[in-house]
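A short worksheet on the structure shown next.
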Amino acid sequence: MNYNKVVKTSEKGILLIKNFEGLRLEAYQCSGFVWTIGWGTTMINGNKVKSGDVIDLELAEKIFRRDIEKKEDIVNSALQISINQNQFDALVSHTYNTGGSETLFELINSDAGKKRIHHWFVNTYITSKGNLIQGLVKRRKIEADLFFTPTINTI
């Protein structure tokens, strides 16, 4: 099947991800109790982040760009339909945070409809260790809203 692909996250999408992830140059445990650093990464140079790890802004940016490219590859590989820039950005943000969801990609690829896709977006991946996380609730709603925001092509 031949379709148009958006292959890179826009600056708007990058800012969305960075806003949700926040920048921390010292390792911390996220709400899932996973050691994290930088813009929400769990790996430094092939090694899991651990307590006491410290990085500088330059390395945080380098790791972030590498992580974004990996998430863009996941989204591009999973999609079998054309999507717009906002949809791509929403999916990369979601994938950056969750690792990606086959179910979400299946819903989109099968054109399951706005109501089903939106419901899935806002009701899935909003908990950690069985606890509802308000930050994830907010993130999923913003990602869903962005996914259903048309892009405006300008000449």
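Reported count of residues in the range 82-135, each being part of a loop (DSSP other than H, G, I, E, B) and not hydroxyl-bearing (Ser, Thr, Tyr), is 11.
Residue by residue, here is whether (1) under 13 Å from the mean Cα position of the chain (by Cα); (2) among the hydrophobic types (A, V, I, L, M, F, W, C); (3) farther than 13 Å from Phe147 by Cβ holds:
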position: Gly40; (1), (2), (3): yes, no, yes
position: Val49; (1), (2), (3): no, yes, yes
position: Ile63; (1), (2), (3): no, yes, yes
position: Val75; (1), (2), (3): yes, yes, no
position: Gln87; (1), (2), (3): yes, no, no
position: Ala90; (1), (2), (3): yes, yes, no
position: Phe121; (1), (2), (3): yes, yes, no
position: Tyr125; (1), (2), (3): yes, no, yes
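Looking only at the range 68-93, residues that are out of contact with any Ser or Thr (no Cβ under 8 Å at 6 or more places or on another chain), closer than 18 Å to Lys18 by Cβ and among the charged types (D, E, K, R) come to 2 in all.
Scanning the range 104-155 for residues that are within 21 Å of Val6 (Cβ to Cβ) and of a type in the set (S, T, N, Q) yields Asn109, Ser110, Thr149, Thr151, Asn153, Thr154.
Every residue, every condition in (1) in contact (Cβ under 8 Å) with a residue 12 or more places away in the chain; (2) over 20 Å from Gly13 (Cα atoms), yes or no:
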site	(1), (2)
Arg65	no, no
Ile74	yes, no
Leu79	yes, no
Thr124	yes, yes
Glu143	yes, no
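Just wondering, is there one or more residues in the range 94-105 that are more than 16 Å from the chain's Cα centre (by Cα), surrounded by fewer than 12 Cβ atoms within 10 Å (Cβ to Cβ) and within 25 Å of Leu23 (Cβ to Cβ)? Among the residues of the range 94-105, not one is more than 16 Å from the chain's Cα centre (by Cα), surrounded by fewer than 12 Cβ atoms within 10 Å (Cβ to Cβ) and within 25 Å of Leu23 (Cβ to Cβ), which makes the answer no.
For the range 29-67, the tally of residues that are open to solvent by less than 20 Å² (accessible area, probe 1.4 Å), out of contact with any Ser or Thr (no Cβ under 6 Å at 6 or more places or on another chain) and not in a loop (DSSP other than H, G, I, E, B) stands at 5.
Just one of (1) in a strand (DSSP E or B); (2) in contact (Cβ under 8 Å) with a residue 40 or more places away in the chain fails for Glu26. It is (2). Of the residues making up the range 1-28, just one is buried (at least 17 other Cβ atoms within 10 Å of the Cβ) and over 21 Å from His94 (Cα atoms), namely Ala27.
The values are calculated or read from the model by the stated rules, or taken from the named source; none is laboratory data. All values reported here derive from a predicted model rather than from experimental measurement. Here the Cβ is made from the backbone with ideal geometry for all residues, glycine too, and neighbour counts use every protein chain on show. The area values use the complete protein model at the heavy-atom level, side chains included, leaving out ligands, DNA and RNA. Shrake-Rupley method; radii C 1.70, N 1.55, O 1.52, S 1.80 Å.
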